[in-house]
Each structure stands twice: as structure tokens, then as C-alpha cells.
Amino acid sequence: MAKSALLKSSLAKKYWMALTGLFLCLFLTGHLLGNLQLLSTGENAALHFNQYALFMTTNPAVKVLSYLTYISIIFHAIDGIILTVQNKKARPINYVMNRPGKNTIWASRNMAVLGTVILVFIVTHMVSFWARMHFDKDMPLQTVTITAGGMPQEFYLTTDGGYVPKGQVLQGAVVIKNRTEFYDAAANVKIKEGYKDLYKITVAFFKDAKLGLVYTILYVISMVVLGFHLFHGFGSAFQSLGANNPKYNGLIKNFGKAFAIVVPLLFAVIPVFIHFILK
Ligand code: HEM
């Protein structure tokens with residue numbers, strides 16, 4: 001390939017890396033705001049989180065954003081790998097003459113390694129939560145225990161604010177179809193809809209007697225890695241997009257650094273809180 005074409009294509013790749021990277025920063029902000037609800041200890045914490053999860057998995061506009069997120073993750077990762085390989089080929093003497101430590105910070109020279117760790121995190125993270133929410137036939141539905149006349153009874157909570165007695169389902173008067181819908185068994189008509197208990201599986205994950213601590217530590221380490229990746233990536237994305245105005249350069253750099261520290265830190269607080277503090 002001619003050198004100019006290589007340059008051109010790697011410039012285009014950097015541009016797309018920047019665009020997808022910044023979009024993923026928007027996703028991270030939204031995802032963090034939603035997940036911060038897990039820090040609530042209120043009586044209705046589980047219900048509010050499950051209502052939020054239902055909205056996020058069924059609202060058509062959010063669905064479009066979700067697909068854009070998946071595409072951005074794949075694109076950002078593939079583009080990053082290709083750029084790293086191209087850079088290595090274009091610079092075979094590999095930093096013998098210059099002293100990288102003097103010119104660039106550690107994160108900027110290790111973006112590919114940091115990115116790979118984050119990709120492994122995202123894939124395993126999605127298997128643990130997203131795949132269960134979307135595909136697990138045995139995903140639990142949210143229940144509540146109500147005591148009347150000294151007799152505790154368990155009910156499924158429904159999206160219209162009502163309840164379906166769990167015993168009724170067991171006795172076969174009502175059946176659960178399509179994972180959340182309650183049907184009248186005799187008439188075969190839909191009565192109500194329940195909530196998938198994403199709150200329960202998220203808390204159980206980090207509170208797991210055997211592996212909860214390991215997961216918590218792995219999540220915290222992943223958030224440190226994410227912080228380093230964002231620390232370089234945020235400012236670099238604006239450069240790749242050609243934003244170079246002396247008036248705003250300092251502001252963008254400082255905002256990027258604050259984002260890279262605050263967002264992963266708040267994400268890391270969530271598993272630590274669930275594992276060590278939540279009763
Ligand atoms: C550490 C705290 C975090 C918690 C407790 C958490 C929790 C969750 C849960 C419960 C889901 C399933 C929700 C659903 O399917 O709608 C989910 C989905 C997801 N998470 Fe996280 N997450 C965390 C951090 C992260 C981070 C740091 C990233 C990215 C680097 C990430 C990327 C994703 C993605 C891409 C999805 C799928 C989203 C979608 O379908 O729109 N998560 N997360």
C-alpha cells in the first residue's frame with residue numbers, strides 16, 4: 001500500500017476510533033447513572049431498579065442506543081487492533097532511538113493492552129448480566145412477601161402495581177408465559193406482567209459466598225484499567241477529531257482527566273458496596 005494511502009486509512013480509522021470511543025463514554029455515563037440506583041438501601045430499591053431495567057430493555061429508543069453501543073464496542077475494538085498492527089509495521093525499529101517514557105505517558109503506549117482487558121471485562125460482564133436478562137428462561141421474577149393475619153404469603157409484583165399470589169401460579173390457575181407474562185390457565189388470556197428480578201441476580205453475583213469477593217476484586221481492577229484507558233483516550237479522541245482550539249484544549253484535557261477518574265471510581269464503588277455493606 002502507498003504510504004499516503006496508509007496514512008489516509010489510518011487517519012480515517014483514528015477518526016472512527018474517536019467517534020465510537022466518545023459515544024461509548026456517553027454510554028458509560030448513562031450506564032453509571034442507572035447502576036448508581038444499586039447504592040440505594042430504600043424499601044423499594046429492588047422494584048425501582050427492576051422498573052428501570054424493564055424500561056431499558058423494552059423502550060424502542062433505548063433499544064436503538066443499545067444496538068449502537070454493541071456496534072461501537074465491536075468497531076472500536078477491531079479498529080484499535082488494526083491500528084496497533086499498522087503502527088508496529090510502520091515503525092519496525094520500535095522505539096530504540098527515542099525514549100517513549102520521556103514523551104508519552106504510560107497509558108498512551110499501552111492503549112491496546114488496556115483496551116483488550118476492557119474487552120474481556122465487557123464480554124464476561126455481559127454474559128453475567130445482560131445475557132441472563134435477555135435469554136435466561138429461569139430468570140427470577142420479582143416477588144414480595146406480605147403478612148396478613150400473621151400468615152406471610154409471597155406474591156409476584158406486576159407492572160400495573162398489582163400482585164399475583166405465588167401459590168396461585170403453583171396451583172396452575174395462572175401460568176407464566178414468555179418469561180414475564182401471567183396467563184389465566186383456563187381461558188388462555190394474559191392477565192398481568194411481572195418484573196424480571198435483575199436486582200436480585202446483580203446483588204447475588206457480588207454477594208456470592210464463594211466467588212463474590214473474587215468478582216468484586218476483579219471488577220475493581222477492571223475499573224482501574226478503564227480509568228487508565230479513558231485518561232489517555234478522552235483527550236486523544238478530541239485531537240483525532242481535529243478539535244484544536246487553544247481556548248478549549250485545556251478545558252477538554254481537564255474534563256477528560258476528571259471523567260477518567262470519577263466514572264470508573266463510582267463504578268468500582270457499586271460492587272464494593274454490595275459485597276461489603278449491603279445487608
Ligand atoms: C461495575 C459496575 C457495573 C454494574 C453493577 C453493571 C451492571 C450491569 C447490568 C445489571 C447489566 C444488564 C442490564 C441490561 O441487560 O439491560 C449491564 C449491561 C451492560 N454493561 Fe454493565 N455494569 C457495570 C459496569 C460496566 C462497565 C464499566 C461497562 C463497560 C466498560 C459495562 C458495559 C455493559 C454493557 C455494554 C451492557 C449491555 C448494555 C445494553 O444492552 O444496552 N458495564 N451492566
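Any read-out appearing in this document is the output of simple, stated calculations on the displayed coordinates, not a laboratory observation. This structure is a prediction, so every number in the text was calculated from the model and none was measured. Ideal geometry is used to build each Cβ from the backbone, glycine not excepted, and the neighbour counts take in all protein chains shown.
General remarks:
- In loop segments of the range 125-173 as defined by DSSP, the trypsin sites (Lys or Arg not before Pro) with at most 12 further C-beta atoms inside 10 Å of their C-beta are LYS137.
- Local electrostatic count, THR143, Cβ distance below 13 Å [Lys/Arg +1, Asp/Glu -1]: +1
- Proximal charge balance of HIS134 [Cβ under 15 Å; K/R count +1, D/E count -1]: +2
- Selected from SER66, GLY21, GLY150, residue furthest toward positive end of dipole (the chain; charges at beta carbon): GLY21
- Relative contact order of the chain, defined on C-alpha pairs under 8 angstrom at six or more residues apart (%): 24 percent
- Note on the chain: GNM, Cα springs under 10 Å; of ALA112, ALA53, ALA90, the largest mean-square fluctuation is that of ALA90.
- Computed over neighbours whose Cβ is under 15 Å from that of THR20, the net charge equals +1, Lys and Arg +1, Asp and Glu -1.
- Charged-residue dipole, Cβ positions (Lys, Arg, Asp, Glu), the chain about Cα centre, Debye nearest 20: 1580 debye
- Among the listed pairs LYS14/LYS247; LYS14/LYS200; LYS13/LYS63; LYS207/LYS253, those beyond 29 Å (Cα-Cα): LYS14/LYS200; LYS207/LYS253
- Residue-averaged [θ]222 nm for the chain, counting only DSSP H segments that reach four residues, each worth -39500 (n - 2.57): -22000 deg cm²/dmol
- In the chain, the longest principal axis of the Cα atoms and the axis of helix 198-207 are about 70 degrees apart.
- Considering only GLN239, ILE78, LEU47, and ranking their Cα positions along the charge dipole of the chain that arises from unit charges at the beta-carbon of Lys, Arg, Asp and Glu, the one farthest toward the positive end is GLN239.
- Surface/4 of the Cα convex hull for the chain, nm²: 20.4 nm²
- Amide H contacts under 5 Å for ALA185: VAL174, VAL175, restricted to partners 5 or more places along the chain or on a different chain, H placed in the peptide plane at 1.01 Å from N.
- For the range 245-279 and the range 6-71, distance of Cα centres in Å: 15 Å
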